[in-house]
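What follows draws every value from the coordinates through simple rules; no lab data is involved. Small disclaimer: the values here were computed from a predicted structure and weren't measured. Cβ sites come from the backbone with ideal geometry, for glycine too, and all protein chains shown count toward neighbours.
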Amino acid sequence: MKGLTKILLGSAAALAGLSSVATAQMPMSAPALLSPADTAGIDAFYQINQNRPLWLGSDASRAAIPDLLAALKRAPVEGLAAGPALAANAEAAMAAAGSGDPAAVRQADRALSTAWVAYAQLLQRPVEGIEYADPLLRPRVLTAAQLLGQAAAAPSLRDHVARVSAVNPFYSALRDAALRAGGTPDPRVMGSMDRARMLPAAGKAVIVDVPSARLMMVQDGNVVDSMKVVVGKLETPTPMMVSRLWYATLNPYWHVPDNLASSLIAKNMLKMGPPYLKLHGYEVLTGFDPDAPAVDPTSIDWQAVFDGKAKVHVREKPSLQNSMGKMKFPFNNSWGIYLHDTPNKVPFTQAKRDISNGCIRLEDARRLGKWLSGRDLSASGPEPEQHVQLPQGVPIYVTYLTAQPDPKGFAYMPDPYGKDVALPARVASAGQN
């Protein structure tokens, strides 16, 4: 008991330099941000740990408090309007614990934990409008008890607070630029910050940003290389998604999308007949399965296909003019979207590059392939669809950042799909309780 009293008294003495509240007033009521389940989770955490302080138990853990308070005070920029009130509540609780009273110290520690849970849950809330095609890449949404358990198990609580608060380099760069700018951030900044939370903080990854039409090769949150891409037009957008690249396909086929089979292939078949297919290297199949047999094109009602009353499976054979170029990088998703080479390099000289049918065309597919695989990728012969396994699966993140930090503050990208139109109301409702 004497040892515990000594720790509590030491904690109380150290609080004087941490709190801006000099008087020993009782803490005000904390903003009601947490669910009953999370409040019960905080109760359970302290019960399991026999009310041992998480934040006030040692000099090392107390070193995390200034960082937590600073994060809370800047939290309105991140969407947590109650952040300063949570910080003030914790500071008042710490001032009230200045006498070393064990009950007051427990209350102060709990106030800090409550604030931490509210802030951490803000950062981990799901990002809207994203498909996680690889479930292993879906971020975990942790309960209050899990968040506090993680904090308690961290070798350094201060480092843990810093790591969680940073989220990832893309997010922290946007947040820091917003703080430097001062005032209320542009909704585009807050919307981009919200979407940037999905991006990885560690490991090797590919990031495709639709508004800037660029692909970034990323290692541990740092961009090591980038290139231009072509993304989907408004009618056939490239959606936000998270998946994983496992292999490259050399000498790929191009499976013509239904809309192009109707508007392009059928139209030209009605004008030119079967010679059109031969001229452009197209073939008609019963389906897109690897073993799907060919179909006599004269047996197809091309007028019905053109009118949208029938569907047809058309495949372009590998060639120098194949729309897929020399290689493609498939990845699992609901839309059949992938990265691919292209023989048409003209769009990469243009500023507006949201012109595809949804797939992502690469400025330099060979360079990406070398970065992914560690070697030059080249076909071993003319055989189509040669699959080359990557040394490891590489996560791919397709995101939508219309605001990006630059030396003057922010650079604002086009909003090709109008995602920012509904931002003010949605951002205002996120984390503002």
> With point charges of +1 on the Cβ of Lys and Arg and -1 on the Cβ of Asp and Glu, referenced to the Cα centre of the chain, which listed residue (401, 103, 190) lies farthest in the positive direction of the dipole?
Replying inline: 103
>> Restricting to Cα atoms and excluding each atom paired with itself, what does the Kirkwood estimate give for segment 309-415 in Å?
In response: 16.5
>> Using only the alpha-carbon atoms of the chain as identical scatterers, what base-10 log of I(q)/I(0) does the Debye formula give at q = 0.06, 0.09 Å⁻¹?
In response: -0.36, -0.69
> Where does the charge balance sit around residue 209 when Lys and Arg score +1, Asp and Glu -1, over other residues with C-beta under 13 Å from its C-beta?
Replying inline: +3
> If you rank 54, 362 by fewest surrounding Cβ atoms within 10 Å, what's the result?
Replying inline: 54, 362
> Using 1/(1 + (r/R0)^6) with R0 = 56 angstrom and r between the beta carbons of residue 103 and residue 222, what's the FRET efficiency to the nearest 0.05?
Replying inline: 0.75
> What is the set of long-range amide H partners of residue 229 at a cut-off below 5 Å, with H atoms built 1.01 Å from backbone N?
Replying inline: 214, 215
> Where the centroid of each part is defined by its Cα atoms, how far is segment 247-317 from segment 329-365 in Å?
Replying inline: 21
> Once the other residues with Cβ under 10 Å from the Cβ of residue 384 are scored (Lys, Arg +1; Asp, Glu -1), what is the net sum?
Replying inline: 0
> Which of rounded, prolate, oblate describes segment 299-339, given a ≥ b ≥ c as roots of the alpha-carbon gyration tensor eigenvalues and a/c under 1.5 marking rounded, otherwise prolate only if a/b is larger than b/c?
Replying inline: oblate
> With each label point set 7 Å from Cα along the Cα-Cβ vector, what nm distance links residue 153 and residue 378?
Replying inline: 4.9
>> Sort 214, 361 by Cβ crowding within 10 Å, fewest neighbours at the top.
In response: 214, 361
>> With unit charges on the beta carbons (Lys and Arg positive, Asp and Glu negative) and the dipole taken about the Cα centre of segment 255-341, which residue among 304, 273, 294 sits farthest to the positive side?
In response: 273
> With the dipole of the chain worked out from charges on the C-beta (+1 for Lys and Arg, -1 for Asp and Glu) around the Cα centre, which of 45, 170, 378 lies farthest toward the positive end?
Replying inline: 170
>> Which of 413, 269 has the fewest other C-beta atoms within 10 Å, and how do the rest follow up to the most?
In response: 413, 269
> Helix-derived [θ] at 222 nm for the chain: sum -39500 (n - 2.57) over DSSP H runs of at least 4, divide by residue count, nearest 500?
Replying inline: -10500 deg cm²/dmol
> Around residue 398, what is the net charge, scoring Lys/Arg as +1 and Asp/Glu as -1 over all other residues with Cβ under 14 Å from its Cβ?
Replying inline: +1
> Once amide H atoms are built 1.01 Å from N in the peptide plane, which residues 5 or more positions from residue 332, or in another chain, come under 5 Å H to H?
Replying inline: 244
> Among 228/317; 73/228; 309/419, which pairs are too far apart, with a Cα-Cα distance over 29 Å?
Replying inline: 73/228; 309/419
> How much length is gained on full extension from residue 319 to residue 349, taking 0.36 nm per residue of separation minus their Cα-Cα distance?
Replying inline: 8.5 nm
>> If R₀ is 45 angstrom, what is the calculated FRET efficiency for the pair residue 371 and residue 37, using the beta carbon separation as r and rounding to 0.05?
In response: 0.55
